[in-house]
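The values are calculated or read from the model by the stated rules, or taken from the named source; none is laboratory data. Everything quoted here is computed from the prediction, not taken from an experiment. Neighbour counts are summed over all protein chains in view; Cβ atoms, including those assigned to glycine, are modelled from backbone coordinates with ideal geometry. Protein only, heavy atoms only, side chains kept; ligands, DNA and RNA dropped before computing areas. Shrake-Rupley method; radii C 1.70, N 1.55, O 1.52, S 1.80 Å.
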Amino acid sequence: MRAKIAFFSGFLVAAAVAVAVNALPYWRTRQAYRYDGQEVAGFPFVFRRIGGDCAAGACENYGLHLGYFAADLALGLAFAVLAGVIAAAIARRPRGA
């Protein structure tokens with residue numbers, strides 16, 4: 001039971017870290033397209049991009065790449081499962097070791 005709780009704890013913490021790391025570029029570049037910058041989201045693959053060199057009005061440069069989004073999602077899930085497995089292995093060790 002202790003290993004199962006450790007797995008889920010490690011999984012949830014790593015999943016939260018993966019979500020935060022993917023959202024960090026968006027938080028840093030939010031509303032940048034209004035000033036000829038680019039608003040991006042995703043790490044290590046940028047799956048959402050809006051803006052660029054455009055007029056002050058509506059910016060027509062918008063890109064959402066579902067392949068990169070799926071790759072980011074798969075990497076985040078693999079990272080979370082690995083962290084959960086490591087946490088469960090640590091929880092299974094004898095307490096005196």
For this session: Report yes if Ala71 is under 17 Å from Lys4 (Cβ atoms), open to solvent by less than 50 Å² (accessible area, probe 1.4 Å), modelled with pLDDT of 70 or more and in a helix (DSSP H, G or I), otherwise no.
Result: no
Problem set entry | Within segment 15-46, tally of residues that are closer than 17 Å to Ala71 by Cβ and among the small types (Gly, Ala, Ser) | 5
Seminar exercise, completed: Matching residues in segment 27-38 (open to solvent by 70 Å² or more (accessible area, probe 1.4 Å), part of a helix (DSSP H, G or I) and touching a residue at least 12 places away in the same chain (Cβ under 8 Å)) number 1
For this session: Answer yes or no: is there a residue in segment 35-50 that is of a type in the set (Ser, Thr, Tyr) and modelled with pLDDT under 85.
Result: yes
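Listed here are the residues, each with its yes/no results for (1) open to solvent by 30 Å² or more (accessible area, probe 1.4 Å); (2) part of a loop (DSSP other than H, G, I, E, B); (3) charged (D, E, K, R); (4) out of contact with any Ser or Thr (no Cβ under 8 Å at 6 or more places or on another chain).
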residue: Ile5; (1), (2), (3), (4): yes, no, no, yes
residue: Ala14; (1), (2), (3), (4): no, no, no, yes
residue: Ala18; (1), (2), (3), (4): no, no, no, yes
residue: Val40; (1), (2), (3), (4): no, no, no, no
For this session: May I ask you to verify whether Arg49 is open to solvent by 50 Å² or more (accessible area, probe 1.4 Å), more than 19 Å from Leu66 (Cα to Cα) and charged (D, E, K, R)?
Result: no
